[in-house]
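Novice: Take a look at the following structure, please.
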Amino acid sequence: MGSINNKRIFTPYHHSACTRTHQIGALLLKNLLRISHNGGSLSWPQRGYGSQLSLKIYIYDENEIDGLKSLLYGRDGTISADSCVKGQWGTQVKIHRLLLQSRFRTRKKEEADLFFVPAYVKCVRMMGGLNDKEINQTYVKVLSQMPYFRRSGGRDHIFVFPSGAGAHLFRSWARYINRSIILTPEGDRTDKRDTSAFNTWKDIIIPGNVDDGMTKHGPTLVQPLPLSKRKYLANYLGRAQGKAGRLQLIELANQYPDKLESPDLKFKGLRKTGKDGLFSTPAQCQVLSCSTWGVIMDTSIMGMVSSEQECVPVILSDEAEFPFQNVIDYTQISIKLPSTYIGPQLLDYLASIPDEDIERMIAHGRQIRCLWVYAPESEPCSAMQGILWELQRKVRQFHLSAETFWLHNGSIVNRDLVEFTNWKLPLPLP
């Protein structure tokens, strides 16, 4: 049986009403994917996916549609992609760049299976490039110039919303893109709004943005400590921000400081806790500091599959959604408990788990680190490979919407019986 003296480390994670930035703290999930025994390659099931990737994705060019540049670089065009790729919302840039270089990219709209709409709106908004009203107006303007969007009702169009706010960054999402494919790291975002913008049947949970060096690609900041040398049973890194579960974890750490670590992190000013500071903690203090830099998934990655940290996530978020659930068995690499379980009983349970079970889960986590790296397609395993497989499952051979009709000869027409190829812009959206 385990004990505090065995110095095992877990990372309780509580997800409550908060945005991506608020997720800086708490560890949550991780995973293990179906790995073939010959060569350790990762594979997606053929059912629903096909035997190989066969996609054609059209990427809208920034000069192609009036207003698209504003969604990428702000109203004045002064925000650079390089400034947006760094930090917790970098997936919006990484996915765009990888698709531009992808062998699955097509420059012909008429042969495309899917259409990617690039936008860095979370970054642009945070850097003052657009306000909420401008974002909403610009999205509507952009969409009105896309006849292929109207042809399918947006069902074959892909949008990335890389923060906890999800598609709510576009205030009128429910009217315009409620049928589109949303890529987002968080799915349980009903905490601040009555309606979630995430739909488990059409949308895709993606890995959050983490430094590639935190996984098995790239240099490590520090080496993980063996279980026998870890000082605490568990730790929680995050701000309270008035959230009940977080406050309970911090209070639990105050009651049991020798079991649960919860350091006081600084997120502003001269004493701001940087990434290097957080991830050098294990080497300096013999504490496995599993932390997050943004959304839920970032938390899990840094704790479970980080090559520096290697800890087992304890999920205390009842409605959390995770990426690649069709190929990952989360019971093999994480623990999920009810959010009401926060208290001394949580620590008692964690202390009771045998060391060999902890080692087994950590070993499984090592096998799937690559799924959180936004690497080029030359890599056999990456976050982008996983996303492409999930996108392939969304492809429709027939395009149908309330604004498309067809004639006896197979021609697609609008309400005025004008053939699709002759639709003029801009198109008024419903």
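Novice: Do you know the relative contact order of the range 340-400, to the nearest whole percent, from alpha carbon pairs under 8 angstrom that are 6+ apart?
Specialist: 16 percent
Novice: Figure the gain on full extension for residue 418 and residue 109 (residue separation times 0.36 nm, minus the Cα-Cα span) and round it to one decimal in nm.
Specialist: Here the answer is 109.4 nm.
Novice: Still on this structure, I have one more. For a Förster distance of 25 Å, can you work out the FRET efficiency between the beta-carbons of residue 201 and residue 378, rounded to the nearest 0.05?
Specialist: 0.20
Novice: When the accessible area of the range 325-382 is computed with all protein chains present and a 1.4 Å probe, what percentage of it is carbon and sulfur?
Specialist: Carbon-and-sulfur percentage of accessible area, whole number: 51.
Novice: Between residue 261 and residues 5 or more places away or on another chain, which pairs have amide H atoms under 5 Å apart, with H built 1.01 Å from N, and which residues are they?
Specialist: 234, 235, 236
Novice: Quick one: accessible area per residue over the range 77-137, 1.4 Å probe, rounded to a whole number of Å²?
Specialist: 45 Å²
Novice: Give me, ordered by chain and number, the residues 5 or more places off residue 406 or on other chains with an amide H under 5 Å from its own placed amide H.
Specialist: Residues meeting the criterion, in which the H sits 1.01 Å from N, are 413.
Novice: Another one. Apply the Karplus parameterisation 6.51 cos²θ - 1.76 cosθ + 1.60, with θ equal to phi minus 60°, to every residue of the range 323-330 and state each ³J(HN,Hα) to the nearest whole Hz, in sequence, with x for glycine and proline.
Specialist: So the J values, rounded to whole Hz, are x, 6, 5, 6, 10, 10, 9, 5.
Novice: Rounded to a whole number, what % of the accessible area of the range 73-213 do carbon and sulfur atoms account for, probe 1.4 Å?
Specialist: Accessible surface attributable to carbon and sulfur in the range 73-213 totals 44 percent.
Novice: Cα centroid distance between the range 115-171 and the range 308-361, in Å?
Specialist: 35 Å
The values are calculated or read from the model by the stated rules, or taken from the named source; none is laboratory data. Remember, it's a predicted structure, so these values are computed and weren't measured experimentally. We place every Cβ from the backbone using ideal geometry, glycine too, and count neighbours over all the protein chains shown. To get the accessible areas, we keep the full protein, side chains included, count just its heavy atoms, and leave off ligands, DNA and RNA. Shrake-Rupley method; radii C 1.70, N 1.55, O 1.52, S 1.80 Å.
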